[in-house]
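One structure is given here, and the rest of the page talks about it.
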Amino acid sequence: MSRKQFFEKSKSLVIHNGAAIMLVFIFLVVYIASPDTDDLCSDFGAVSMNYMNGEYYRWFICLFLHHNLRHLLSNSLALLSVDSLLRPFLKNRQTIFLFFGCGVVSEIAYSIVTSEPVYDIGASSGIFALLACLLICYVRFQKQFQLPWYRPEVVVVLVYFVFANSSVSSFLVHVFGFCAGILAGTVMVSAGFITRTDS
């Protein structure tokens with residue numbers, strides 16, 4: 001591969017996966033600038049409505065926060081992978097809409113159903129919404145969705161889907177995010193907002 005081809009390919013990657021790259025960059029900056037994870041959880045994490053005290057901004061801000069470096073890296077890798085697989089179907093603004101829209105809905109649902117002061121932070125609710133949209137695209141555009149199982153992004157997504165549920169709170173937000181993604185993805189595909197963009 002020549003230098004020109006390398007830069008052209010890199011430029012295409014940044015353009016098409018700009019949303020995921022931007023989000024991962026923000027995650028990294030926030031993590032580096034975060035003084036104490038425990039304080040962040042209690043100050044900005046999504047929590048039961050019994051302990052929300054009208055601080056509804058938690059549902060949005062918690063999507064940018066991570067417990068530790070492993071949490072950050074696993075979410076970042078999963079986000080980049082699922083966004084790469086969705087590249088033929090979603091534009092950057094649609095990725096942002098699904099990530100934040102479904103992510104916030106998931107955190108709201110978590111606050112409603114839980115009664116304990118267990119704080120949730122992390123981008124996984126939005127990532128699971130994108131995973132759900134990926135499933136919708138696979139069902140709807142199956143003939144165009146030719147992906148070998150051993151493609152790195154597919155392996156990452158499958159491993160993440162299976163092993164990301166490390167606690168009851170994470171399991172709940174993942175289920176809520178996935179359900180929100182199924183609903184939003186179905187509506188967007190049916191309305192023609194999601195099509196194969198590179199065909």
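Looking only at the stretch 81-136, filter to residues that are under 18 Å from ALA191 (Cα atoms) and in contact with a Lys or Arg (Cβ under 8 Å, 6 or more places away or on another chain); which one of those is surrounded by the most Cβ atoms within 10 Å (Cβ to Cβ)?
Once the filter is applied, the top-ranked residue is PHE89.
Taking the stretch 46-64 only, how many residues are more than 16 Å from GLY101 (Cβ to Cβ) and not aromatic (Phe, Trp, Tyr)?
Summing the residues that are more than 16 Å from GLY101 (Cβ to Cβ) and not aromatic (Phe, Trp, Tyr) in the stretch 46-64 gives 9.
With of a type outside the set (Lys, Arg) and assigned to a helix (DSSP H, G or I) as the only criterion, which of ILE182, ILE194 stands out?
ILE182
Failed condition for PHE64, given (1) open to solvent by 40 Å² or more (accessible area, probe 1.4 Å); (2) at pLDDT 95 or above, with all others met?
(1)
Output the number of the condition that GLY54 fails; it satisfies all remaining conditions of (1) in contact (Cβ under 8 Å) with a residue 60 or more places away in the chain; (2) at positive phi.
All conditions are met except number (1).
Looking at the stretch 168-199 only, could you name the residues that are surrounded by fewer than 16 Cβ atoms within 10 Å (Cβ to Cβ) and at pLDDT 85 or above?
Within the stretch 168-199, VAL168, PHE171, LEU183, VAL187, SER190, ALA191, GLY192, PHE193 qualify.
Restricting the search to the stretch 25-47, which residues are closer than 23 Å to LEU172 by Cα and either open to solvent by less than 30 Å² (accessible area, probe 1.4 Å) or without any contact (Cβ under 8 Å) to a residue 12 or more places away in the chain (or both)? Spell out how you get there, then give the answer.
Within the stretch 25-47, the subset closer than 23 Å to LEU172 by Cα is 27, 37-47.
The answer is PHE27, ASP38, ASP39, LEU40, CYS41, ASP43, GLY45, ALA46, VAL47.
Just to be sure I understand the filter: pairs with C-beta atoms under 6 Å, separated by 6 or more residues or on different chains, first member in the stretch 174-197 and over 18 Å from TRP59 (Cβ atoms), second member open to solvent by 50 Å² or more (accessible area, probe 1.4 Å). Which pairs pass?
VAL189/ARG140; ARG196/GLN144
Considering each of LEU23, LEU79, LEU63, LEU73 in turn, give the residue that is at negative phi and out of contact with any Gly (no Cβ under 9 Å at 6 or more places or on another chain).
From the options LEU23, LEU79, LEU63, LEU73, the qualifying one is LEU73.
Among the listed residues LEU77, LEU72, identify the single one that is within 30 Å of LYS91 (Cα to Cα), modelled with pLDDT of 85 or more, open to solvent by 70 Å² or more (accessible area, probe 1.4 Å) and within 13 Å of the chain's Cα centre (by Cα).
After applying the criteria, what remains is LEU77.
Report the residue count in the stretch 48-71 for those that are assigned to a loop (DSSP other than H, G, I, E, B) and under 17 Å from HIS174 (Cβ atoms).
The number of residues fulfilling the criteria is 3.
The values are calculated or read from the model by the stated rules, or taken from the named source; none is laboratory data. Everything numeric here is computed off the predicted structure, so don't read it as measured data. Cβ sites come from the backbone with ideal geometry, for glycine too, and all protein chains shown count toward neighbours. Note: accessible area is taken over every heavy atom of the protein model, side chains too, but ligands, DNA and RNA are not part of it. Shrake-Rupley method; radii C 1.70, N 1.55, O 1.52, S 1.80 Å.
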